[in-house]
1. Residue by residue through the range 77-96, note down the ones that are among the small types (G, A, S) and either assigned to a loop (DSSP other than H, G, I, E, B) or exposed (fewer than 15 other Cβ atoms within 10 Å of the Cβ) (or both).
2. What are the pairs, 6+ residues apart or on separate chains, where a residue within the range 121-141 that is farther than 14 Å from E81 by Cβ has its Cβ under 8 Å from a residue that is open to solvent by less than 70 Å² (accessible area, probe 1.4 Å) and acidic (D, E)?
3. Out of all the residues in the range 46-61, which are assigned to a strand (DSSP E or B) and either in contact with a Pro (Cβ under 8 Å, 6 or more places away or on another chain) or open to solvent by less than 30 Å² (accessible area, probe 1.4 Å) (or both)?
4. Name the single residue that is most open to solvent (accessible area, probe 1.4 Å) among those in the range 97-119 being polar (S, T, N, Q) and over 14 Å from A84 (Cβ atoms).
5. If you scan the range 22-36, which residues turn out to be part of a helix (DSSP H, G or I) and in contact with a helix residue (DSSP H, G or I) (Cβ under 6 Å, 6 or more places away or on another chain)?
6. Out of the range 61-75, which residues are within 21 Å of L31 (Cβ to Cβ) and of a type in the set (V, I, T)?
7. List pairs: first in the range 92-108 and more than 17 Å from I134 (Cβ to Cβ), second open to solvent by 60 Å² or more (accessible area, probe 1.4 Å) and not in a loop (DSSP other than H, G, I, E, B), Cβ under 8 Å, 6+ apart or cross-chain?
Amino acid sequence: MTEQTTPEASSELDVQDVVKRAIELNDYSYLLEKVPYSQFIGMSVARFGDEMVFRLPAKDDNIGNPILPAIHGGVIAGFMEMSAIVQLMVFMQAKKVPKIVDFSIDYLRAGLHQDTFAECKITRQGRRVANVSINCWQTNRKQLIATARAHFLLD
């Protein structure tokens, strides 16, 4: 079987340039625009010095339980995973998108139909693997709705 070259493959995204541009402009919407899933869920990010805060807006398409209403657990997990990836890419000035090795999440409370926030902490970064902890909350940073731990392959 031979590989065929498609227009999409030949115009491959230069991750390093995208990350560099986002950092220079301090505007991470350009980086998030390149990820269809982050666009689908409506994710955004703001950077305050060395801290990045990710935001998932209240959006009807993200509802998993219409009775409460509550955000779908998969949307919360995807939001948290994407937050960790973006944080790693920015602080490492990545040349490639980090690959997920494992992801473990604990759901602590229902994620109600309101804005949701996440922050990440890179707890260990080696040459090949990074460990990131992610906390997710809604109205009070001390009342988490979920917490997660993820390992990423960097190279």
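The values are calculated or read from the model by the stated rules, or taken from the named source; none is laboratory data. The model shown is predicted, which means the values in this text are computed figures rather than measured ones. Heads up, the Cβs are rebuilt from the backbone with ideal geometry, glycines too, and the neighbour counts pull from every protein chain shown. Quick note on the areas: whole protein, heavy atoms, side chains included, nothing else; ligands and nucleic acids left out. Shrake-Rupley method; radii C 1.70, N 1.55, O 1.52, S 1.80 Å.
1. Matches in the range 77-96: A94 only.
2. The qualifying pairs are Q138/D115.
3. M52, V53, F54, L56
4. Q114
5. A22, Y30, L31, L32, listed by residue number.
6. Within the range 61-75, V75 is the sole residue that qualifies.
7. Q93/Q16; Q93/K20; A94/Q16; K95/Q16
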